[in-house]
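No lab work stands behind these numbers, since they all come straight from the coordinates. It should be emphasised that the depicted structure is a prediction, and the values quoted were computed from it without experimental measurement. Neighbour counts run over all protein chains shown; Cβ positions are idealised from the backbone, glycine included.
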Amino acid sequence: MRSLLIFFLLVSFQMSAQDSTYVRIELKQGAPVEGKLKHQNDKSISIEIPDTGLLTIPWESVQAVIRLNPNEIPGQGGRWSNPHPNRYFFGPSAIPLKKGDKYYQNAYFLLNSIQIGLNDHLSVGGGVLIPFVLFLTPKIGYQVAPKLHLGGGVLFATSLIRDLNFGVGALYGSMTYGTHEHNLTVNLGLGAVKENTGLGSSDYTWKFANKPMLTLSGMTRISNRVMLMSENWIFNVTSVNYDDGTGQFVNRVSNYEGIFSAGVRILGRKTAFDVGFLTPTGAQAAIPYLAYNLRF
């Protein structure tokens, strides 16, 4: 009888613990899910998700189960993990998307892009700047230490209008130090542009820059809903000068210029709104920036 009483007390304790235990389930494919732990056995684990209901997941689909701290519990003023650690206003971090994750962004209602995780390290993406530009953004990333990610990628953009003769490309390496909530990223790459071969010529050719381009970016979360961000591009600009009378080449001048930005990201569980300001080198005023982000 005593043994039976102890058994029921243990079962009662376990059920009580489950009722008050919140977990984050990292999936082998797709975004993580969070909820109240309801049941688990050798085949599956079940959680109750706020506003959704009971979800049962087989163990073969689970990568990890993380017990949430009280300040992380959803629906109780707690904090969920940053759903968008992979990108700043536009530039990437070295933190990769998980397999099956998808990231959509719309900026200025004209710039639309999407990134899809092919596996836990490689993603492909691209987008359009309506109605002029098409761009591609494949990316790779690995976590090599608890707070260090290394990666790289390619940015290629070309004109949707044949006669515009626009083209930009960059091959870059990426290093991110920090966590999903607080991090700094350095991207270092070599760019190329499609430029005219000479005054009055209708021929265009790709030319690589002689000097590298650099981005310095960071994000830090200051509350459940608000993240501060900054993204800064530093690149070499070359000007080719010709004689106005003869059309002969005079000289080629290069110097570094930049585009600097700062603002906030308003976070949801999967969505985010970016609000900030861009300031190109030499500009007399800042340019407002607005974007919508969705991870699905």
Relative contact order for the chain: what percent, with Cα pairs under 8 Å and sequence separation of 6 or more?
12
Please arrange PHE135, PHE249 by how many other C-beta atoms lie within 10 Å of their C-beta, fewest to most.
PHE249, PHE135
Helix 2-19 sits off the longest principal axis of the Cα atoms of the chain, rounded to the nearest 10 on a 0 to 90 degree scale, by 20
Say the dipole of the chain comes from +1 at the beta carbon of Lys and Arg and -1 at that of Asp and Glu; which of LEU97, ILE47, PHE208 then lies farthest toward its positive end?
ILE47
Rule-of-thumb Rg ratio for the chain [Cα; 2.2 N^0.38 Å; N residues]
1.29
Most mobile of ILE47, ILE130, ILE114 per a Gaussian network model of the chain (Cα springs, under 10 Å)?
ILE130
Tail beyond 12 Å, pair distance distribution of region 219-266 (Cα, percent)
72
Using a Förster distance of 41 angstrom, determine the FRET efficiency expected from the C-beta separation of ALA285 and THR246, and round it to 0.05.
0.60
Residues PHE109, PHE132, sorted so that the one with the fewest Cβ neighbours within 10 Å comes first:
PHE109, PHE132
Show me the trypsin sites (Lys or Arg not before Pro) within region 215-296 that DSSP assigns to loop and that have at most 16 other Cβ atoms within 10 Å of their Cβ.
ARG225, ARG269, LYS270
Using a Förster radius of 35 Å, what is the FRET efficiency between ILE234 and LEU160 based on their Cβ-Cβ separation? Nearest 0.05, please.
0.80
Taking the Cα centre as origin and putting +1 on Lys and Arg beta-carbons and -1 on Asp and Glu beta-carbons, what dipole magnitude results for the chain, to the nearest 20 debye?
780
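May I ask you to sort SER123, SER254 by Cβ crowding, counting other Cβ atoms within 10 Å and putting the fewest first?
Values: SER123 26, SER254 12.
Sorted ascending by nearby Cβ count, the order is SER254, SER123.
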Positive-end extreme of charge dipole, the chain - chosen from LEU118, ALA262, ALA192 (charges on Cβ):
LEU118
